[in-house]
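Novice: Let me give you the structure first, and then I'll get to my questions.
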Amino acid sequence: MICTAGGPPIEEGGGLVAARDPQDQVSGVARSVPHFITFANEKGGTGKSTTAVHAAVALAAQGRKVAALDLDTRQRTLGRYLDNRAATMRRQNVDLPMPVHATFDPEAGEPLEAVIERIAGGAEFVVIDTPGRDDAHSRAAMIRADTLVTPINDSFVDLDLIGEVDAETYRVRRPSFYAELVWNSRTQRAKAHGASVDWVVLRNRVQHIEARNKRRVGEALGELSRRVGFRIIPGLGERVIYRELFPKGLTLLDLNEIEDVAMSHIAARQELREMVAGFALPEPGDEAPRQAMAG
């Protein structure tokens, strides 16, 4: 873990901004290289893999060319989810939006960079799901990221990952170790690729009722976003349906394949669409990833 006593040297509202080379060729059309979306968080139980697979399928449902890579060789949640989806397509003879996907196996002998290059060929987006721990492969994926997504639950326990909060005032005292890790990744990416990173903190499982804790977490996140340089967007709510869909690999965009559709499912589908829109990803024909303002 990289950590210094004084925290990362981050300016108010800081964030590295640099141009990105748009001249790679995809399917014979001059455009940017694939836009990498890395889902990373060193704390488990935040809905990271569920969010990643839903984002990948949502983009595929828009007609975009999507590749997905699971770096968590132990749990393989994203990989297993998409394997289940492929099995459902074969079993029921249905055609569902489906990203190309792979699970990285460090013991297979193929370097991570080679795996990325192999699955990214022809893709517009590459979604990478990292394990809930710090390792060399997770850091490499963070450096690759054009959009870095950090899902957190709506609690001070999760918030502590990116910022230390005063117990009396609930004000942010300083950024935490993970904010420093992201800062270092941003710096390395700028040096290696001359490119910026749009860091998005995703508030998952937000309570639908107004509560003091919800308000305090929101205020602390807002303060941190200005100091460290990330955007805050709403994520997915706490719903049983996400766990129920896993065995078939379905998502809330596949309502035609889901039995007993309820109004809550339709509301959850709208949450998903709003989340993907909040990523502010490049549209077809964009020459470079859209640079969103932090705040």
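Novice: Would you tally the residues in segment 75-105 being over 22 Å from ILE37 (Cβ atoms) and touching a residue at least 12 places away in the same chain (Cβ under 8 Å)?
Specialist: 4
Novice: I'd like to check something: does segment 157-174 contain any residue that is surrounded by fewer than 21 Cβ atoms within 10 Å (Cβ to Cβ), part of a loop (DSSP other than H, G, I, E, B) and in contact (Cβ under 8 Å) with a residue 60 or more places away in the chain?
Specialist: yes
Novice: On the basis of being modelled with pLDDT of 90 or more and hydrophobic (A, V, I, L, M, F, W, C), does ILE152 make the cut?
Specialist: no
Novice: Still on this structure, please answer the following. Within segment 244-261, can one find any residue that is crowded, with 16+ Cβ neighbours inside 10 Å, of a type in the set (Gly, Ala, Ser), modelled with pLDDT under 90 and in contact with a helix residue (DSSP H, G or I) (Cβ under 8 Å, 6 or more places away or on another chain)?
Specialist: No - not one qualifying residue is present in segment 244-261.
Novice: Could I ask something else about it? Which ones in segment 220-242 are surrounded by fewer than 18 Cβ atoms within 10 Å (Cβ to Cβ), at pLDDT 85 or above and part of a helix (DSSP H, G or I)?
Specialist: GLY222, GLU223, ARG226
Novice: Right, another one. I'd like to check something: does segment 135-147 contain any residue that is in contact with a Ser or Thr (Cβ under 9 Å, 6 or more places away or on another chain), of a type in the set (S, T, N, Q) and assigned to a helix (DSSP H, G or I)?
Specialist: The answer is yes, given that some residue of segment 135-147 is in contact with a Ser or Thr (Cβ under 9 Å, 6 or more places away or on another chain), of a type in the set (S, T, N, Q) and assigned to a helix (DSSP H, G or I).
Novice: Suppose we filter segment 180-228 for residues that are on the phi > 0 side of the Ramachandran plot and under 16 Å from the mean Cα position of the chain (by Cα); how many remain?
Specialist: Residues that pass the stated criteria total 1.
Novice: Now, a different point. Is one or more of the residues making up segment 64-83 surrounded by 15 or more Cβ atoms within 10 Å (Cβ to Cβ), at pLDDT below 95, out of contact with any Pro (no Cβ under 9 Å at 6 or more places or on another chain) and among the aliphatic types (A, V, I, L, M)?
Specialist: No - not one qualifying residue is present in segment 64-83.
Novice: Scanning for something within 20 Å of GLY45 (Cβ to Cβ) and touching a helix residue (DSSP H, G or I) at 6+ places or on another chain (Cβ under 8 Å), does segment 187-198 turn up at least one residue?
Specialist: No, every residue in segment 187-198 fails to be within 20 Å of GLY45 (Cβ to Cβ) and touching a helix residue (DSSP H, G or I) at 6+ places or on another chain (Cβ under 8 Å).
Novice: Which of the numbered conditions does MET142 fail, given that it passes all the others? Conditions: (1) surrounded by 14 or more Cβ atoms within 10 Å (Cβ to Cβ); (2) without any contact (Cβ under 8 Å) to a residue 60 or more places away in the chain.
Specialist: Unmet condition: (2).
Novice: Please work out which residue is modelled with the highest pLDDT, limiting yourself to segment 262-295 and to residues that are in a loop (DSSP other than H, G, I, E, B), in contact with a helix residue (DSSP H, G or I) (Cβ under 8 Å, 6 or more places away or on another chain) and not aliphatic (A, V, I, L, M).
Specialist: PHE279
The values are calculated or read from the model by the stated rules, or taken from the named source; none is laboratory data. Owing to the predicted nature of the structure, the values given are computational and were not obtained by experimental measurement. Because the Cβ atoms are built from the backbone with ideal geometry, glycine has one as well, and the counts that use them run over all protein chains shown.
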